[in-house]
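The values are calculated or read from the model by the stated rules, or taken from the named source; none is laboratory data. Not measured: the values here are computed from a predicted model. Cβ placement follows ideal geometry from the backbone for every residue including glycine, while neighbour counts extend to all protein chains displayed.
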Amino acid sequence: MTSPSDGSAVGTVRLVDHLAAELAGAGVTHVFGVGGANIEDLYDALHRGRAVRGVVAKHEFSAVTMADGYARTTRRTGVVAATSGGGAMNLVPGLAEAYASQVPLLALVGQPPTGQEGRGAFQDSSGRAGSLDAREVFAPVSRFCARVEDAEALPGLLHRALAAARTHPRGPAVLLLPKDVQQARLRVPRRPPGGAVPPVADPPLDGAALSAVLDVLRRGAGRVLVIAGAEVAASDARAELAELAGRLGAWVAVTPDAKDVFDNRDPRFAGVAGVMGHANVEDCLRRAEVCLLAGTRLPTLARGGLDEALAGTDVVCLGPEAPFVAGTTLLGGLKETLRAVTGRLPARPRPCPPHTGPLPTPPPGPAHRVRVRAPTIPYADAVAAVEAALPEDAHVFVDAGNAGASAIHLLPAPRHGRFVVAVGMGGMGYTFGAGIGAALATGRRTYVLAGDGSFFMHGMEVHTAVEHSAPVTFVVFNNNAHAMCSLREEFFQGAGRGDDLFARTDLAAGVAAAFPSLRVTGAGDAAELREALLRGDAGGGPAFVALDCDPYETPPFLPFRPFATRPSESKESSYERAAVVRAG
């Protein structure tokens with residue numbers, strides 16, 4: 001889409017002003033990022049236009065995760081902006097998570113002026129004269145990547161970028177914006193800018209594949225286990241999933257990153273599948289005649305412990321991508337495939353067969369008896385306190401590690417909010433930005449559940465929450481360790497090295513000193529934790545709660561299960577000795 005050359009243009013505007021207006025027209029309400037010389041003109045346009053709110057983060061990775069959390073909770077395109085050089089490079093891990101998890105994002109990345117490319121420009125990433133080529137960096141973590149060479153090219157490239165971000169497979173789109181191009185004047189056509197990008201229609205469903213799926217379901221109509229994935233939330237297909245489950249009389253399990261796609265308190269709910277999941281799912285799978293995958297390819301984290309049972313069960317897959325396991329597949333948009341199958345089943349709902357439900361794995365206790373000097377709160381008690389305080393419309397963002405595994409296993413998803421786990425490339429620290437983005441986008445109370453390792457990576461985004469009065473409650477489970485790494489050392493390498501055990505830190509005291517206006521609590525027990533969370537729910541803006549946990553408490557994580565019940569060693573291990581030394 002180029003501006004007309006027949007005199008019908010009504011004037012010119014800076015490219016960045018046109019870009020800001022186009023984003024607003026596409027429904028974008030926030031742009032997250034970190035400023036710098038080669039992106040400052042865009043921030044100026046956002047400030048002048050006022051239709052889109054610019055949010056300055058502390059780090060570009062967190063800015064991407066803010067846009068990610070915004071996108072997951074609103075189902076709109078998240079937008080992140082960053083300058084050249086290190087600012088641009090810091091976007092890569094966050095974009096990789098969005099790519100792996102198919103989250104629609106648009107990254108606007110500033111570049112040096114075009115006249116300086118290949119001439120030794122500061123932070124030149126044009127690929128000229130031996131410089132780094134930003135397109136080669138971003139292409140593997142994006143669905144679309146282009147350099148805007150001149151102002152007239154921007155409208156067409158922007159339209160293509162927004163369409164690519166929202167077309168399956170969804171993911172990030174990247175536009176590289178040289179500074180002089182941002183400042184250039186763009187002719188504005190008489191008709192309004194393109195506005196929201198229309199969704200791309202899915203191709204018609206394959207009739208033969210639909211018939212094959214129905215044949216399998218009719219043969220195994222007695223017992224069906226549905227395993228639902230994150231695509232249910234991404235395509236807003238929760239109602240269609242529930243209707244199909246009712247027609248089939250099916251149990252419904254969810255993948256670790258999709259705990260919110262089915263009511264966790266519904267009698268049909270079987271639990272979480274995979275390495276952080278519930279034994280009931282495997283039991284239901286062994287009893288089932290058909291396993292129906294809805295919106296999941298069933299990757300390793302969701303399939304862990306189920307391969308043997310899957311091998312003896314007919315598998316049906318509905319959704320846009322073929323699964324990682326063998327089965328009968330109906331490809332297409334998830335809403336359409338669910339509706340097509342449901343519409344050809346008997347209309348009367350059927351009860352599901354009895355099952356035990358998502359009973360938590362009994363806590364195994366510490367792998368060893370360790371001299372922990374400070375009192376600690378067991379994960380099960382801490383998660384129960386979170387459950388007691390969690391509003392039904394809250395969003396929950398769960399980080400990696402022992403705390404994350406415990407929350408996935410033990411915490412029911414809120415009935416009317418998101419329960420988000422970044423199982424792609426997000427890694428530790430994802431939740432701090434993502435929770436802030438979600439809270440600013442929706443205005444709803446958002447919980448961030450993370451460990452101290454994640455906090456030390458990106459927890460200073462608390463500052464951003466304070467600056468913008470975001471309604472986020474940060475709950476930091478502090479075991480003074482990268483505890484999952486430490487347990488792996490002990491279990492799989494024979495003895496702990498102690499590298500991942502740290503000296504004790506008082507996170508609550510430190511955060512309270514840094515942010516005097518922030519409500520901060522150091523919870524000594526589960527009751528204090530619950531009361532602090534309820535106070536956070538009742539107030540506006542952010543809250544921060546820290547609690548001490550035992551680094552040796554074995555989380556509900558399938559690879560650790562064989563070690564969790566072994567007898568405690570009578571002889572003090574090197575792992576224990578390291579803990580005592582570091583604690584002292």
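State all residues of the range 409-440 that are among the small types (G, A, S), over 23 Å from G271 (Cβ atoms) and surrounded by 24 or more Cβ atoms within 10 Å (Cβ to Cβ); if no residue qualifies, say none. Quick ask: steps written out before the conclusion?
At the first step, the residues of the range 409-440 found to be among the small types (G, A, S) are 413, 417, 422, 424, 426-427, 429, 433-435, 437-439.
So of that shortlist, the ones also over 23 Å from G271 (Cβ atoms) come out as 426-427, 429, 433-435, 437-439.
Matches in the range 409-440: G426, G429, G433, A434, G435, G437, A438, A439.
From the list A212, A239, A273, the lone residue that is surrounded by fewer than 24 Cβ atoms within 10 Å (Cβ to Cβ), in contact with a Ser or Thr (Cβ under 7 Å, 6 or more places away or on another chain) and among the aliphatic types (A, V, I, L, M) is A212.
Residues that are in contact with a helix residue (DSSP H, G or I) (Cβ under 8 Å, 6 or more places away or on another chain), closer than 30 Å to T255 by Cα and of a type in the set (G, A, S) do not occur anywhere in the range 112-135.
Hey, does the range 227-250 have a residue that's part of a strand (DSSP E or B), within 19 Å of P354 (Cα to Cα) and either touching a Cys at 6+ places or on another chain (Cβ under 6 Å) or in the same structural domain as A394 (by TED's automatic domain parsing) (or both)?
Scanning the range 227-250 turns up no residue that is part of a strand (DSSP E or B), within 19 Å of P354 (Cα to Cα) and either touching a Cys at 6+ places or on another chain (Cβ under 6 Å) or in the same structural domain as A394 (by TED's automatic domain parsing) (or both).
Given the criteria within 21 Å of A230 (Cβ to Cβ), surrounded by 23 or more Cβ atoms within 10 Å (Cβ to Cβ), in the same structural domain as E243 (by TED's automatic domain parsing) and not β-branched (V, I, T), does L331 qualify? The answer is no for L331.
A count restricted to the range 66-82 and to residues that are of a type in the set (S, T, N, Q) and either in contact with a His (Cβ under 8 Å, 6 or more places away or on another chain) or assigned by TED's automatic domain parsing to the domain that holds R444 (or both) stands at 1.
Can you pull out the residues in the range 207-226 that are in contact with a Lys or Arg (Cβ under 7 Å, 6 or more places away or on another chain) and either closer than 19 Å to R297 by Cα or assigned to a helix (DSSP H, G or I) (or both)? Can you show your working first?
Here is the first cut: in the range 207-226, the residues in contact with a Lys or Arg (Cβ under 7 Å, 6 or more places away or on another chain) are 214, 223.
Of everything in the range 207-226, just one residue is in contact with a Lys or Arg (Cβ under 7 Å, 6 or more places away or on another chain) and either closer than 19 Å to R297 by Cα or assigned to a helix (DSSP H, G or I) (or both), namely L214.
The strands (runs of 3 or more DSSP E) falling completely within the range 9-123 that include 3 or more residues that are at pLDDT 95 or above map to 30-33, 53-56, 78-82, 105-111.
When the residues of the range 515-532 are filtered to those that are free of Cβ contacts under 8 Å to residues at least 40 places away in the same chain and over 11 Å from D548 (Cα atoms), the one that is surrounded by the most Cβ atoms within 10 Å (Cβ to Cβ) is A532. Within the range 304-311, the presence of at least one residue that is within 23 Å of the chain's Cα centre (by Cα), surrounded by 17 or more Cβ atoms within 10 Å (Cβ to Cβ) and either assigned to a loop (DSSP other than H, G, I, E, B) or modelled with pLDDT of 95 or more (or both) is confirmed. Out of everything in the range 114-136 that is touching a residue at least 40 places away in the same chain (Cβ under 8 Å) and touching a strand residue (DSSP E or B) at 6+ places or on another chain (Cβ under 6 Å), what residue ends up being surrounded by the fewest Cβ atoms within 10 Å (Cβ to Cβ)? Residue satisfying both the conditions and the ranking: R135. Scanning the range 242-259 for residues that are acidic (D, E) and surrounded by fewer than 24 Cβ atoms within 10 Å (Cβ to Cβ) returns a single hit, E243. The residue list G510, G494 contains one member that is within 15 Å of H463 (Cα to Cα), surrounded by fewer than 19 Cβ atoms within 10 Å (Cβ to Cβ) and free of Cβ contacts under 8 Å to residues at least 12 places away in the same chain, which is G510.
Any chance you could count how many residues in the range 22-50 are aliphatic (A, V, I, L, M), surrounded by fewer than 19 Cβ atoms within 10 Å (Cβ to Cβ) and farther than 19 Å from R75 by Cα? Before the answer, list the steps.
Here is the first cut: in the range 22-50, the residues aliphatic (A, V, I, L, M) are 23-24, 26, 28, 31, 34, 37, 39, 42, 45-46.
From what is left, the residues that are surrounded by fewer than 19 Cβ atoms within 10 Å (Cβ to Cβ) are 24, 37.
The next check asks that each one be farther than 19 Å from R75 by Cα; those that pass are 37.
Qualifying residue count, the range 22-50: 1.
Per-residue answers, yes or no, for (1) touching a Gly at 6+ places or on another chain (Cβ under 8 Å); (2) without any contact (Cβ under 8 Å) to a residue 12 or more places away in the chain; (3) within 21 Å of H395 (Cβ to Cβ):
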site	(1), (2), (3)
N38	yes, no, no
Y43	yes, no, no
H47	yes, yes, no
V64	yes, no, yes
A71	yes, no, yes
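Scan the range 352-370 residue by residue and report those that are under 32 Å from the mean Cα position of the chain (by Cα) and either surrounded by fewer than 14 Cβ atoms within 10 Å (Cβ to Cβ) or at pLDDT below 90 (or both). Within the range 352-370, T356, L359, P360, T361, P362, P363, P364, G365, P366, A367 qualify.
Looking at D263, is it under 20 Å from R350 (Cβ atoms), among the charged types (D, E, K, R) and at pLDDT 95 or above? So D263 fits the description; yes.
For (1) part of a loop (DSSP other than H, G, I, E, B); (2) of a type in the set (A, V, I, L, M), each residue gets a yes or a no:
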position: F477; (1), (2): no, no
position: E489; (1), (2): no, no
position: R497; (1), (2): yes, no
position: A508; (1), (2): no, yes
position: A512; (1), (2): no, yes
position: E528; (1), (2): no, no
position: A532; (1), (2): no, yes
position: P551; (1), (2): yes, no
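Checked against the criterion of being within 16 Å of the chain's Cα centre (by Cα), surrounded by fewer than 18 Cβ atoms within 10 Å (Cβ to Cβ) and among the hydrophobic types (A, V, I, L, M, F, W, C), the candidates A139, A100 yield just one match: A100. Of all the residues in the range 480-505, those that are of a type outside the set (D, E, K, R), closer than 26 Å to P375 by Cβ and out of contact with any Leu (no Cβ under 9 Å at 6 or more places or on another chain) number 9.
Could we say that P412 is touching a His at 6+ places or on another chain (Cβ under 8 Å) and modelled with pLDDT of 90 or more here? Break it down into steps so the answer makes sense when it comes.
Values: touching a His at 6+ places or on another chain (Cβ under 8 Å): no; modelled with pLDDT of 90 or more: yes.
It is false that P412 is touching a His at 6+ places or on another chain (Cβ under 8 Å) and modelled with pLDDT of 90 or more.
Here V476 fulfils each of the conditions (1) surrounded by fewer than 21 Cβ atoms within 10 Å (Cβ to Cβ); (2) modelled with pLDDT of 85 or more; (3) touching a Phe, Trp or Tyr at 6+ places or on another chain (Cβ under 7 Å) apart from (1).
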